[in-house]
Amino acid sequence: MRKLFDRALSYLLVILTIVMVSSTLLQVVARYIDLNVQFTEELTIYAMMWLAIFGSAYAFGLKKHIAIDLLSSSLDDSSKWKHSILVELVISVFAILVLIIGGIRLVYITFKLGQVSSIMQVPKGWIYLSLPISGIFILCYNALNILDTLKKRNNR
């Protein structure tokens with residue numbers, strides 16, 4: 001399951017990077033030939049936002065995120081797994097409250113208010129949809145991390 005999430009997010013990140021680079025390149029070329037292409041700046045900003053949000057979920061899944069391990073490195077082996085699960089549960093609460101519930105509320109409010117982007121006229125709810133989706137990815141990775149921790153503990 002982890003490989004499926006990793007593959008989906010990595011493909012999405014590659015596509016977003018291609019969109020961002022292509023849009024920026026188009027803007028540079030358009031300025032050079034004195035052509036006004038307005039949507040490229042907004043598209044680049046939104047692609048970069050999605051890239052950062054989904055990139056953080058991907059980094060979390062690969063366990064390449066920033067972590068403070070001062071406490072866990074000082075614990076003995078019998079307590080490390082408890083600490084690891086506690087950390088995962090705290091991250092789960094954050095993902096649920098802030099990213100999923102908060103993200104869904106933000107998406108709902110922007111759709112309800114009819115907010116659209118200034119140039120591309122895309123409903124901003126579609127742009128903010130990256131928050132709850134990345135929260136779901138983080139929550140799934142959390143569950144997989146907890147299962148991995150429990151499996152390692154039981155194999156000892």
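Summary table
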item	result
Accessible-area ranking of I18, I66, I96, largest first, probe 1.4 Å	I66, I18, I96
Square roots of five times the Cα gyration tensor eigenvalues for the stretch 59-115, Å	35, 11, 7
Accessible surface, 1.4 Å probe, highest first, among residues F94, F111	F94, F111
Label-zone membership for the stretch 99-140, site R2, 7 angstrom Cα→C-beta point, backbone N under 14 Å	140
The chain, accessible surface, carbon-and-sulfur percent (1.4 angstrom probe)	69 percent
Efficiency of FRET between L89 and I66 - r from beta-carbon atoms, R0 22 angstrom, step 0.05	0.75
Whole-number percent relative contact order across the chain, with pairs defined as alpha carbons under 8 Å at least 6 apart	26 percent
For the stretch 46-156: accessible area per residue (Å², 1.4 Å)	63 Å²
Cross-link table K3/K151; K3/K124; K3/K80; K3/K152; K64/K152, entries beyond 29 Å C-alpha to C-alpha	K3/K124
Cα convex hull volume per residue for the stretch 1-92 (Å³)	112 Å³
Chain lengthening between K112 and T24 when straightened (0.36 nm per residue, less Cα-Cα)	28.5 nm
Cut-off under 5 Å, modelled amide H: who pairs with V116 long-range	K124
Computed over the stretch 1-64: relative contact order in percent, which uses C-alpha pairs under 8 Å that are six or more apart	46 percent
Per-q log10 I(q)/I(0), the stretch 82-156, q = 0.19, 0.21, 0.22 Å⁻¹ (Debye; single scatterer per alpha-carbon; no solvent)	-0.75, -0.84, -0.88
Geometric extent, Cα atoms of the stretch 19-72 - Rg, Dmax (angstrom)	17.3, 58
Extension gain, I119 back to N36 (0.36 nm per residue minus Cα-Cα distance, nm)	28.6 nm
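The values are calculated or read from the model by the stated rules, or taken from the named source; none is laboratory data. These numbers were taken from a predicted model, which means no experiment stands behind them. For neighbour counting, all protein chains shown are included, and Cβ atoms are generated from backbone atoms with ideal geometry for every residue, glycine included. Ligands, DNA and RNA are excluded from the accessible area calculation, which covers all protein heavy atoms including side chains. Shrake-Rupley method; radii C 1.70, N 1.55, O 1.52, S 1.80 Å.
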